[in-house]
Amino acid sequence: MQFEKRLWSFTQGVRGRIAFSVLIGMIATALGVIRLALLGWLIGLIFLGQPADELVMPIIFAALVMLMRGIFEHWRTMTAHETSAIVQKQLRRRLFEKIVSLGPGYTGRQRSGELVLTLVDGVEQLETYFGEYLPQLLISALTPLMIFAFVAFLDFPVAIILLVAAFVSLAAPSLWHKFDTKRSLERQQAYAAFASDFLDGIQGLATLKSFGQSGSRIDLLKKRSFELFRST
């Protein structure tokens, strides 16, 4: 995935929810860093041979942080699902309005499988993009700065290395996507062709059997499935 300006335009009205999801994610990330620090402190006390009664409070603190992190992660997930559902509803409405405005002449020239694939599967697959990818992209951009600020107090050179590595890992997928655009389009076209032929075959199953064309349809689906397999 990558950031797409055309898809971002569909987030009007829910950008506040996306920002809120990012805030929750940042708090959960901070709690994750605190959890690791507490666990490191606890393990250090164990190796120093501290008595068991002095380990009770560190264990309680670590458990509370873990519990709070789980609560915030669940909160973020539910917010993401609600946000993506709102965007999907708006997107479906705009797609239906566009199809209606094009008139029956347009829909009559299109394959039903392609229309269903766009209106159903195409919109459903955007749930991950709007609900998880966009907030996580912002979280991934802000988290290295937070970790850098934390680690810099302990070891500044290590903090610099972590910061550079984090931004390289964040930018690398986008750079690779520019070289892989052609392959991505081939995968999309292969999937669309297979799904359209499969749905058309299911809808016209009785007609295919009546005219003895079920065998040729099976061969076509085999060809489409192999093309999809090869593209992925």
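Which condition breaks for THR77 when tested against (1) β-branched (Val, Ile, Thr); (2) in contact with a helix residue (DSSP H, G or I) (Cβ under 7 Å, 6 or more places away or on another chain); (3) under 30 Å from GLN125 (Cα atoms)?
All conditions pass for THR77, except number (2).
Kindly list, by first and then second residue, each pair from a residue in the range 198-221 that is closer than 22 Å to LEU117 by Cα to a residue that is of a type in the set (Asp, Glu) and surrounded by 11 or more Cβ atoms within 10 Å (Cβ to Cβ), limited to pairs with Cβ atoms under 7 Å and residues at least 6 apart or on different chains.
LEU220/ASP197; LEU221/ASP197
Between ALA80, ALA52, ALA63, which is under 22 Å from LEU23 (Cα atoms) and in the same structural domain as ILE27 (by TED's automatic domain parsing)? Working first, answer last.
Numbers: ALA52 fails: under 22 Å from LEU23 (Cα atoms); ALA63 fails: under 22 Å from LEU23 (Cα atoms).
Step by step, each of ALA80, ALA52, ALA63 is checked, and only ALA80 is under 22 Å from LEU23 (Cα atoms) and in the same structural domain as ILE27 (by TED's automatic domain parsing).
Please name all residue pairs, on different chains or six or more residues apart, with Cβ atoms under 8 Å, provided the first residue is in the range 12-32 and is within 16 Å of ALA62 (Cα to Cα) and the second residue is assigned to a helix (DSSP H, G or I) and of a type in the set (A, V, I, L, M).
Between residues of the range 12-32 that are within 16 Å of ALA62 (Cα to Cα) and residues that are assigned to a helix (DSSP H, G or I) and of a type in the set (A, V, I, L, M), the close pairs are THR29/ILE139; THR29/MET146; ALA30/MET146; LEU31/VAL65; LEU31/MET68.
Please note which helices (runs of 4 or more DSSP H) are completely contained in the range 117-232 and include at least 3 residues that are modelled with pLDDT of 75 or more and within 21 Å of VAL33 (Cβ to Cβ).
On the way: elements: 134-152, 156-179, 181-203, 205-210, 214-231.
Passing ranges, in order: 134-152, 156-179.
Name every residue in the range 14-59 that is among the polar types (S, T, N, Q) and modelled with pLDDT under 85, in order of residue number.
Of the residues in the range 14-59, the ones among the polar types (S, T, N, Q) are 21, 29, 50.
Selection gives GLN50 alone.
Name the residue that is nearest to LEU115 (Cα to Cα), counting only residues in the range 42-85 that are touching a residue at least 40 places away in the same chain (Cβ under 8 Å) and surrounded by fewer than 16 Cβ atoms within 10 Å (Cβ to Cβ).
We begin by selecting, within the range 42-85, every residue touching a residue at least 40 places away in the same chain (Cβ under 8 Å); these are 69, 72-73, 75-76, 79-85.
With the extra rule that they be surrounded by fewer than 16 Cβ atoms within 10 Å (Cβ to Cβ), the set shrinks to 81-82, 85.
Numbers: HIS81: 25, GLU82: 25, ALA85: 20 Å.
Per the criteria, the residue is ALA85.
Determine which member of the set PHE3, PHE10 is modelled with pLDDT under 85, closer than 25 Å to GLU127 by Cβ and in contact with a helix residue (DSSP H, G or I) (Cβ under 6 Å, 6 or more places away or on another chain). Steps first, answer last, please.
Numbers: PHE3 fails: in contact with a helix residue (DSSP H, G or I) (Cβ under 6 Å, 6 or more places away or on another chain).
The unique qualifying residue is PHE10.
Considering the range 98-116 alone, what residues qualify as being in contact with an Asp or Glu (Cβ under 9 Å, 6 or more places away or on another chain) and part of a loop (DSSP other than H, G, I, E, B)?
Residue satisfying the conditions is ARG111 alone.
Considering only residues of the range 3-48 that are assigned to a loop (DSSP other than H, G, I, E, B) and in contact with a Phe, Trp or Tyr (Cβ under 9 Å, 6 or more places away or on another chain), which is nearest to LEU154 (Cα to Cα)? Outline the logic, then answer.
As a first pass, look at the range 3-48 and keep what is assigned to a loop (DSSP other than H, G, I, E, B): 3-4, 12-14, 48.
From the residues that got through so far, the ones that are in contact with a Phe, Trp or Tyr (Cβ under 9 Å, 6 or more places away or on another chain) too are 3-4, 14.
On the way: PHE3: 34, GLU4: 38, VAL14: 39 Å.
That would be PHE3.
The values are calculated or read from the model by the stated rules, or taken from the named source; none is laboratory data. Note that the structure is predicted; figures quoted are calculated from it, not measured. Note: ideal-geometry Cβ built from the backbone for every residue, glycine included; neighbour counts use all protein chains shown.
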